[in-house]
Amino acid sequence: MTSDMSTERFELPELETIALVPERETLRVWLNRPQSRNAHNQLMVREVGDLFTALNGQIRYRVVVLGGRGPSFCAGADRKERLPPAANDREARYVNQLGRRAARAIEDCEAVTIARVHGHAIGGGCCFAASCDFRVTESDAMWYVPEVELGVPLPWGAVPRLISELGMARARQFVMTSERIDGRRAAEWGLAHEVCEGIEALDAAVDRWVARLTDLPALSVQMAKHQLRGYSALTRLGDLSEFDGDASARAIVSEDARARFGTF
């Protein structure tokens, strides 16, 4: 009898904004809008969430590497995107929660996740990377969450995630002042696990991480991830991140946000 978790029954989905490259036990996931530095539109956010959720239904891929095609990992939201108005308030709230669901899907993925960061990791791009288990970055990559500078709160459940990864003091500095940091500073703060000089070194480092993780016993790696995730779940007690989308939707219509989004 074939199990629901059988590798034979799992098929990689066809996606419009993401390219998938399977390599034995590793799946390379490429954000694939290089012409816009992989700025995320609503479809990309939805596809990221759906993909990482679907990966929990398979056991073939032990490691998932999330990277970006072209000059950047992800340059944040695509401000050129124009969406039709929501049919009703419930649909509007669902759309406002897509980013939080996508980031949580990466965080909760059963496979080990590695972010390969170069160029820019801005806004939602920074949230995608921070949701991964490990982050490897090019030294001159820009890590940046501009939301407060734009007049809106940081959404996607990123605040508790950054507090957990960076500690309260650095998370406060990073979020409240919208400070831009490079890959070296990201590593110093604990936002990245390794910093590299140039793309070739970045790819070599990612390959080294993949090789090490796939060389270790599969079950103990997964159980260790479950242990760490279980203990970190304490930070989810009283988690208010579902409010993020509501807060952003309200703040984005403020005078400050309207002015800044138009000229930033």
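Can you tell me which of Pro155, Pro146, Pro160 is of a type outside the set (S, T, N, Q) and modelled with pLDDT of 95 or more? Quick ask: steps written out before the conclusion?
Working: Pro155 fails: modelled with pLDDT of 95 or more; Pro160 fails: modelled with pLDDT of 95 or more.
Only one candidate qualifies: Pro146.
Check segment 236-247 and report whether any residue there is under 24 Å from Glu81 (Cβ atoms), polar (S, T, N, Q), at pLDDT below 95 and surrounded by 17 or more Cβ atoms within 10 Å (Cβ to Cβ).
Looking for residues that are under 24 Å from Glu81 (Cβ atoms), polar (S, T, N, Q), at pLDDT below 95 and surrounded by 17 or more Cβ atoms within 10 Å (Cβ to Cβ), one finds at least one in segment 236-247, hence yes.
Let me spell it out: the conditions are (1) closer than 16 Å to Glu107 by Cβ; (2) assigned to a helix (DSSP H, G or I), and Leu191 meets all of them except one. Which number is the exception?
The number of the failed condition is (2).
Within segment 224-235, work out how many residues are modelled with pLDDT under 70 and surrounded by 11 or more Cβ atoms within 10 Å (Cβ to Cβ).
Residues flagged as modelled with pLDDT under 70 and surrounded by 11 or more Cβ atoms within 10 Å (Cβ to Cβ) within segment 224-235 amount to 1.
Looking at segment 124-163 only, could you name the residues that are touching an Asp or Glu at 6+ places or on another chain (Cβ under 7 Å) and touching a residue at least 60 places away in the same chain (Cβ under 8 Å)?
Passing the criteria: Ala130, Val136, Ala141, Gly151, Pro153, Leu154, Pro155, Trp156, Gly157, Pro160.
Within segment 122-135, does at least one residue satisfy the condition of being open to solvent by 20 Å² or more (accessible area, probe 1.4 Å) and assigned to a helix (DSSP H, G or I)? Write out each step before concluding.
So in segment 122-135, the residues open to solvent by 20 Å² or more (accessible area, probe 1.4 Å) come out as 122, 133-134.
Then drop every residue that is not assigned to a helix (DSSP H, G or I), which leaves none.
No, there is no match, as no residue in segment 122-135 is open to solvent by 20 Å² or more (accessible area, probe 1.4 Å) and assigned to a helix (DSSP H, G or I).
For segment 193-223, what are the residues that are closer than 13 Å to Glu25 by Cβ, among the β-branched types (Val, Ile, Thr) and open to solvent by 50 Å² or more (accessible area, probe 1.4 Å)?
Result: no residue meets the conditions.
Which one of Arg62, Arg82, Arg69 is of a type in the set (Lys, Arg) and without any contact (Cβ under 8 Å) to a residue 24 or more places away in the chain?
On the way: Arg62 fails: without any contact (Cβ under 8 Å) to a residue 24 or more places away in the chain; Arg69 fails: without any contact (Cβ under 8 Å) to a residue 24 or more places away in the chain.
The unique qualifying residue is Arg82.
The values are calculated or read from the model by the stated rules, or taken from the named source; none is laboratory data. Note that the structure is a prediction, hence the values are computed from the model and not measured. Neighbour counts run over all protein chains shown; Cβ positions are idealised from the backbone, glycine included. For accessibility, only protein heavy atoms count, side chains too; no ligands or nucleic acids. Shrake-Rupley method; radii C 1.70, N 1.55, O 1.52, S 1.80 Å.
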